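The block underneath contains the structure these notes are about, expressed in structure tokens.
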Amino acid sequence: MAKLFTRGDRRLVVEALGDTRAVFILGARQVGKSTLAREIATEEHPAQIVNLDNKAARDAVLADPEGFVAGLRRPALIDEVQRGSPDLLLAIKATIDEDLSPGQFLLTGSANVLRNRKVSDALTGRVEMIRLWPLAQAEIEGSSKNFVDALFAGAPPQVEGAPRGREALAGRLVPGGYPEARLRTGNRQARWFRSYLQTTFEKDLETIGDAQKLHEMPRLLRLVASQAANLFVPANLSQKLDLDHRTVAGYVGLLETIFLVKRIPAWRPGLGQREIQTPKIYVVDSGLLLYLLGANEERLMNDDQVTGKALENFVAMEIVKHAEWSEIAPQVHHYRRGRDEIDLILENRAGEIVAIEVKATVSLARKDWRVLEKLRDKRGDAFRCGVVLYAGAQTVPLGDRLFAVPLSGLWA
């Protein structure tokens, strides 16, 4: 029997159902949306369950969405809501406008159906959206600790005796976080990813499809993977694809909409400056990234270019997940100013920041945290904590509010 995981988002969903009329769990295929929603609809928030993968239910929605919603016993879970027409969400909107009671609808969807402007505008303020990503290492290990909250408290995990070096990375990065993919290894896992992407492109891009050259999407995704953890500059990809850079930007937006890639914006002390800075781009799962790069465990261990890219991508997505579950719910950024770079900057609503640098090495030198020191000194009390996540064995203080933390601190 497949192992069941306690999702960090579970608390967020249950809390949202307590004060919001409808809650929408969004995420890629095969990340466990249906499993999570059904557990909640069976335990914390009992609800009628309808799956629109079922043809009879789907036909009823398409024939008469208003009548379908009117006939539901509420609370109701509607699984795979994108399989119905946009009119289904408009019918839900009409229902929750008449009845303001919280927790009436729990929805799941693989493609971001709210890309439809008419639907998005209608549901704004009525529906809370919660993103579900592939499993984080903390979820896999059953840890309830939140790494981001610990850093904002100035108390990073105190780790001793962690696995050292690249051997400690392969068992984390190669399996990735898709529950089904984790059940496979080697060529069997590669075949799963190939089928997964084919289904995602055919089904989800068709659902939201406003692209004219969808056959370019697999190649574009591979090119994005080659640029993972780097600045996203559409012009750098457009020539390779023989597409206009604006088209490339739009297509990457579609890849983000179906939860295959994630852009992280730049951070600057001035709010307005952030909007004109270049984002970084990541693939949402380390196993998927390695598949797209054509890299196996041996190459991860021996090819420095693959190791560095895969590790930074892995850490960035782990931090994105922890930030979403965090009590603080900070925004996630990267930082580049002149020759100074920091992989990740987290900022809370009070303007306090945490800085994270990622290194694949066992030992560190002063240069590895020099930019953290500079930012700490510049930001003063607003700088809560800076860490270098590395492949060493124990947590080591590096100075005032600065620490080296083993990678296992993300799930310890």
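The values are calculated or read from the model by the stated rules, or taken from the named source; none is laboratory data. These numbers come from a predicted model, not from an experiment. Cβ sites come from the backbone with ideal geometry, for glycine too, and all protein chains shown count toward neighbours.
Residues checked against (1) surrounded by fewer than 21 Cβ atoms within 10 Å (Cβ to Cβ); (2) out of contact with any strand residue (DSSP E or B) (no Cβ under 7 Å at 6 or more places or on another chain); (3) over 18 Å from ALA153 (Cβ atoms):
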{"site": "ASN348", "(1), (2), (3)": "yes, yes, no"}
{"site": "ILE353", "(1), (2), (3)": "no, no, no"}
{"site": "LYS359", "(1), (2), (3)": "no, no, yes"}
{"site": "ASP368", "(1), (2), (3)": "yes, no, yes"}
{"site": "ARG376", "(1), (2), (3)": "no, no, no"}
{"site": "LEU407", "(1), (2), (3)": "no, no, yes"}
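Give the residue, chosen from ALA323, ALA310, ALA295, ALA316, that is buried (at least 19 other Cβ atoms within 10 Å of the Cβ), touching a Ser or Thr at 6+ places or on another chain (Cβ under 7 Å) and either among the aliphatic types (A, V, I, L, M) or not in a helix (DSSP H, G or I) (or both).
Values: ALA323 fails: touching a Ser or Thr at 6+ places or on another chain (Cβ under 7 Å); ALA295 fails: touching a Ser or Thr at 6+ places or on another chain (Cβ under 7 Å); ALA316 fails: touching a Ser or Thr at 6+ places or on another chain (Cβ under 7 Å).
ALA310 is the lone residue from the list that is buried (at least 19 other Cβ atoms within 10 Å of the Cβ), touching a Ser or Thr at 6+ places or on another chain (Cβ under 7 Å) and either among the aliphatic types (A, V, I, L, M) or not in a helix (DSSP H, G or I) (or both).
Can you tell me which of (1) of a type in the set (Asp, Glu); (2) closer than 17 Å to ARG172 by Cβ; (3) surrounded by fewer than 19 Cβ atoms within 10 Å (Cβ to Cβ) is the one GLU139 doesn't meet?
GLU139 satisfies all of (1) of a type in the set (Asp, Glu); (2) closer than 17 Å to ARG172 by Cβ; (3) surrounded by fewer than 19 Cβ atoms within 10 Å (Cβ to Cβ) except (3).
Kindly indicate the residue of the range 30-55 that is over 20 Å from LEU88 (Cβ atoms) and part of a loop (DSSP other than H, G, I, E, B) and also farthest from the chain's Cα centre (by Cα) among those meeting that condition.
Within the range 30-55, the first condition is being over 20 Å from LEU88 (Cβ atoms), and the residues that meet it are 30-32, 35-36, 39-40, 42-46.
With part of a loop (DSSP other than H, G, I, E, B) added as a condition, the list becomes 30-32, 43-46.
Values: GLN30: 14, VAL31: 11, GLY32: 13, GLU43: 26, GLU44: 25, HIS45: 25, PRO46: 27 Å.
Taking the candidates together, the pick is PRO46.
Kindly indicate whether any position in the range 358-380 is in the same structural domain as ASN313 (by TED's automatic domain parsing) and part of a strand (DSSP E or B).
Going through the range 358-380, the residues in the same structural domain as ASN313 (by TED's automatic domain parsing) turn out to be 358-380.
Now restrict to residues that are part of a strand (DSSP E or B): 358.
Checking the range 358-380: at least one residue is in the same structural domain as ASN313 (by TED's automatic domain parsing) and part of a strand (DSSP E or B).
What is the residue count in the range 227-242 for residues that are of a type in the set (A, V, I, L, M) and either in a helix (DSSP H, G or I) or in contact with a Pro (Cβ under 9 Å, 6 or more places away or on another chain) (or both)?
Step one: list which residues in the range 227-242 are of a type in the set (A, V, I, L, M), which gives 228-229, 231, 233, 235, 237, 241.
Those left that are additionally either in a helix (DSSP H, G or I) or in contact with a Pro (Cβ under 9 Å, 6 or more places away or on another chain) (or both): 231, 235, 237, 241.
Here the count works out to 4.
Report yes if VAL148 is free of Cβ contacts under 8 Å to residues at least 60 places away in the same chain and either farther than 30 Å from ASP400 by Cα or surrounded by 15 or more Cβ atoms within 10 Å (Cβ to Cβ) (or both), otherwise no. Walk me through how you get there before you give the answer.
Working: free of Cβ contacts under 8 Å to residues at least 60 places away in the same chain: no; either farther than 30 Å from ASP400 by Cα or surrounded by 15 or more Cβ atoms within 10 Å (Cβ to Cβ) (or both): yes.
So VAL148 fails the test.
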